[in-house]
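Participant: To start, I am sharing the structure in question, which I have written as structure tokens.
The values are calculated or read from the model by the stated rules, or taken from the named source; none is laboratory data. In this text the structure is predicted, and so the values were computed from the model without any measurement. Here the Cβ positions follow ideal geometry from the backbone for every residue, glycine too, while neighbour counts run over all protein chains shown. Only protein heavy atoms, including side chains, enter the accessible area calculation; ligands, DNA and RNA are left aside. Shrake-Rupley method; radii C 1.70, N 1.55, O 1.52, S 1.80 Å.
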There are 2 protein chains.
Amino acid sequence: MTTSTLSRTEAVGPKTNSARSINRDTLLNAALALLGPHRSISTLSLREVAREAGIAPNSFYRHFRDTDELAVALIDSAGAALRHIFTEARRNIRPGDSVTRMSVEIFMAQLEAEDQLLPLLLREGTVGSSGFKQAVERQLQYFENEIHEEMVRLENLKGNQLEDARIAARAITRLVFTMGATALDQELSDRPLLVEQTAKMVRMIIRGAQSLAILADE
Amino acid sequence: MTTSTLSRTEAVGPKTNSARSINRDTLLNAALALLGPHRSISTLSLREVAREAGIAPNSFYRHFRDTDELAVALIDSAGAALRHIFTEARRNIRPGDSVTRMSVEIFMAQLEAEDQLLPLLLREGTVGSSGFKQAVERQLQYFENEIHEEMVRLENLKGNQLEDARIAARAITRLVFTMGATALDQELSDRPLLVEQTAKMVRMIIRGAQSLAILADE
DNA sequence: CAACTGTCTATACAGTTGTATATTTGTAGT
DNA sequence: ACTACAAATATACAACTGTATAGACAGTTG
């Protein structure tokens, strides 16, 4: 799952290494295991990851220049996996269901998923090296694009116009991610309420965007 | 400025210490100086702060249990100072001005303020100890409350009803803070555009909230 | 003055970190 | 089977961390 974006190198694998070969993915998984649900990537040390992966500290350099490069790879990987989950899940939505609520629910469900990929993306937006922050930003923009497309598509069906759909999509992305991050630090029992609130927020934005568009038409 | 919330202890000051006395504030300022515009609190070490403040490492313990306690104090202090700035600035808005746009502009202006208090609050929401994250959350809720009050007040004037004003206020707070954090990592020249976008997002939320309220009434 | 107070410092220690260097190991090619 | 080579390791080092311990200093009390 998490390996999909990183298989570039292993396809060219020069040696048919022994079964216990060490790739970038081994290290990524080790890092993921260390992170758990609350710890931040920036606190990972090179030695710690190497230890977890069962290799010597220096072997780390064969795969990543430093922990920062690993962090970026982790973000890219998590983002790709998540987007896959989302597009897959959205394909199965039956017509008539509330798309926004459905999406928010899928989103929040991922908070508790075993792989802990979403928390990764939620937590790490604002700290770290600039390269790292750019990686997170990139992933957010992918989501933003998908939401944008979805909005345009739906509104075309309804024959309405959406002014600044781009901005609305941006607002929705950021808002949902922020609320998700908030949810991470709260009790599990509070989450349904948060899902409800977040869905309502999203509806506010969509309706507000429509309303502003109508005004602009007159 | 940043000392307002922390003057508890110094008022009871037991000794008339020599002129170069070391308070919590001295350490807070040292930490602030080290942080600069991009560095995260969590990377501060006890020794580093002590060095910057010009005291021995162990003296740190006289004022804070650990760097985490200092971080919480820093957040509380920054939040209080910022809220003061905002309420002050909002008092001077002339009737007829767009409150939301005005507020967003004030907000974004604080991004470049010398004290760097806002960036502090924007950056540190999602990482760190749970105590620290709660401190940030607390500050966000203060802002949320103020926006809520403002919304209720304005909508009373217009005779409209606001459904879920609370949720709308929450959405606005989180969204503006997130967009602010995004702005921090972008070129200065891009910021006016971001201000525009963010203001529009806020207007979407407000209008969406109104629109949903009207629907609920029928 | 002497004793006591709280504040700050100096020294020290064990642990961890990133990385430079040299060495071993396992596999492929001829 | 022997060499060549890449991958992984072992050892080492200087820097830094948080903190334990003990001592120096100034100000307030008796």
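Participant: Can you pull out every residue in the stretch A:174-198 that is within 18 Å of the chain's Cα centre (by Cα), among the hydrophobic types (A, V, I, L, M, F, W, C) and farther than 19 Å from B:Met179 by Cβ?
Facilitator: Listed by number, the residues that qualify are A:Ala183, A:Leu184, A:Val195.
Participant: Working only within the stretch B:169-183, note down all residues that are small (Gly, Ala, Ser) and more than 8 Å from every other protein chain (Cβ to nearest Cβ).
Facilitator: Once the filter is applied, which keeps residues that are small (Gly, Ala, Ser) and more than 8 Å from every other protein chain (Cβ to nearest Cβ), the stretch B:169-183 yields B:Ala169, B:Gly180, B:Ala183.
Participant: Could you check, for the stretch B:184-191, whether at least one of its residues is out of contact with any strand residue (DSSP E or B) (no Cβ under 7 Å at 6 or more places or on another chain), of a type outside the set (Ser, Thr, Tyr), assigned to a helix (DSSP H, G or I) and within 11 Å of chain A (Cβ to nearest Cβ)? It would help to see each step written out before you state the result.
Facilitator: Of the stretch B:184-191, the ones out of contact with any strand residue (DSSP E or B) (no Cβ under 7 Å at 6 or more places or on another chain) are B:184-191.
With of a type outside the set (Ser, Thr, Tyr) added as a condition, the list becomes B:184-188, B:190-191.
Cutting the leftovers down to assigned to a helix (DSSP H, G or I) gives us B:184, B:188, B:190-191.
The next check asks that each one be within 11 Å of chain A (Cβ to nearest Cβ); those that pass are B:184.
Looking for residues that are out of contact with any strand residue (DSSP E or B) (no Cβ under 7 Å at 6 or more places or on another chain), of a type outside the set (Ser, Thr, Tyr), assigned to a helix (DSSP H, G or I) and within 11 Å of chain A (Cβ to nearest Cβ), one finds at least one in the stretch B:184-191, hence yes.
Participant: Which residue pairs have Cβ atoms closer than 9 Å, lie 6 or more positions apart in sequence or on different chains, and pair a first residue in the stretch A:58-72 that is farther than 12 Å from A:Gly128 by Cα and charged (D, E, K, R) with a second residue that is modelled with pLDDT under 95 and within 16 Å of DNA strand D (Cβ to nearest atom)?
Facilitator: A:Arg62/A:Ile22
Participant: Of a type outside the set (D, E, K, R), surrounded by fewer than 21 Cβ atoms within 10 Å (Cβ to Cβ) and modelled with pLDDT under 95, is that true of A:Leu121? Give the derivation first.
Facilitator: On the way: of a type outside the set (D, E, K, R): yes; surrounded by fewer than 21 Cβ atoms within 10 Å (Cβ to Cβ): no; modelled with pLDDT under 95: yes.
No.
Participant: How many residues are open to solvent by 50 Å² or more (accessible area, probe 1.4 Å) and near DNA strand D (Cβ under 10 Å from one of its atoms) if we restrict to the stretch B:47-56?
Facilitator: At the first step, the residues of the stretch B:47-56 found to be open to solvent by 50 Å² or more (accessible area, probe 1.4 Å) are B:47, B:51-52, B:54, B:56.
Remaining after also requiring near DNA strand D (Cβ under 10 Å from one of its atoms): B:47, B:51, B:56.
Matching residues across the stretch B:47-56 total 3.
Participant: Return yes when A:Ala213 is part of a helix (DSSP H, G or I), within 12 Å of another protein chain (Cβ to nearest Cβ) and modelled with pLDDT of 90 or more and no when it is not.
Facilitator: no
Participant: Kindly establish whether A:Ala135 is over 26 Å from B:Arg166 (Cα atoms), surrounded by fewer than 18 Cβ atoms within 10 Å (Cβ to Cβ) and more than 9 Å from every other protein chain (Cβ to nearest Cβ).
Facilitator: Spelling it out, it is not the case that A:Ala135 is over 26 Å from B:Arg166 (Cα atoms), surrounded by fewer than 18 Cβ atoms within 10 Å (Cβ to Cβ) and more than 9 Å from every other protein chain (Cβ to nearest Cβ).
Participant: Taking interchain pairs and intrachain pairs at least six residues apart, which have beta carbon atoms under 7 angstrom, with the first residue in the stretch A:114-143 and over 19 Å from A:Ala31 (Cβ atoms) and the second assigned to a helix (DSSP H, G or I) and open to solvent by less than 30 Å² (accessible area, probe 1.4 Å)?
Facilitator: A:Thr126/B:Leu122; A:Thr126/B:Arg123; A:Thr126/B:Ala181; A:Leu140/A:Thr173; A:Leu140/A:Phe177; A:Tyr142/A:Gly79; A:Phe143/A:Thr173
Participant: Out of the residues in the stretch B:24-46 meeting the condition of being more than 17 Å from the chain's Cα centre (by Cα), farther than 15 Å from B:Asp68 by Cβ and open to solvent by 20 Å² or more (accessible area, probe 1.4 Å), tell me which one is nearest to DNA strand D (Cβ to nearest atom).
Facilitator: Result: B:Leu34.
Yes/no per residue for (1) at positive phi; (2) within 14 Å of chain A (Cβ to nearest Cβ); (3) modelled with pLDDT of 90 or more:
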| site | (1), (2), (3) |
| --- | --- |
| B:Thr2 | no, no, no |
| B:Ser7 | no, no, no |
| B:Val12 | no, no, no |
| B:Ile22 | no, no, no |
| B:Gly36 | yes, yes, no |
| B:Ile41 | no, yes, yes |
| B:Leu44 | no, yes, yes |
| B:Ala50 | no, no, yes |
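Participant: If you don't mind, another one. Tell me which of these B:Asp68 doesn't satisfy, since it passes every other one: (1) under 20 Å from B:Ala31 (Cβ atoms); (2) of a type outside the set (A, V, I, L, M); (3) away from DNA strand C (no atom under 16 Å from the Cβ); (4) open to solvent by 60 Å² or more (accessible area, probe 1.4 Å).
Facilitator: Of everything listed in (1) under 20 Å from B:Ala31 (Cβ atoms); (2) of a type outside the set (A, V, I, L, M); (3) away from DNA strand C (no atom under 16 Å from the Cβ); (4) open to solvent by 60 Å² or more (accessible area, probe 1.4 Å), B:Asp68 misses just condition (4).
Participant: For residues that are in contact with a helix residue (DSSP H, G or I) (Cβ under 6 Å, 6 or more places away or on another chain) and free of Cβ contacts under 8 Å to residues at least 24 places away in the same chain, scanning just the stretch B:148-165, find the one that is nearest to the other protein chains (Cβ to nearest Cβ).
Facilitator: B:His148
Participant: Would you confirm, using the coordinates I've provided, whether A:Thr173 is free of Cβ contacts under 8 Å to residues at least 12 places away in the same chain, within 19 Å of B:Asp185 (Cβ to Cβ), open to solvent by less than 40 Å² (accessible area, probe 1.4 Å) and hydroxyl-bearing (Ser, Thr, Tyr)? If you could, list the steps in order and put the result at the bottom.
Facilitator: Values: free of Cβ contacts under 8 Å to residues at least 12 places away in the same chain: no; within 19 Å of B:Asp185 (Cβ to Cβ): yes; open to solvent by less than 40 Å² (accessible area, probe 1.4 Å): yes; hydroxyl-bearing (Ser, Thr, Tyr): yes.
When the stated conditions are applied, A:Thr173 does not pass them.
Participant: Then there's this: Which numbered condition in (1) farther than 15 Å from B:Ser103 by Cβ; (2) touching a helix residue (DSSP H, G or I) at 6+ places or on another chain (Cβ under 8 Å); (3) within 13 Å of chain A (Cβ to nearest Cβ) is the only one that B:Ile206 fails?
Facilitator: It fails just one condition, (1).
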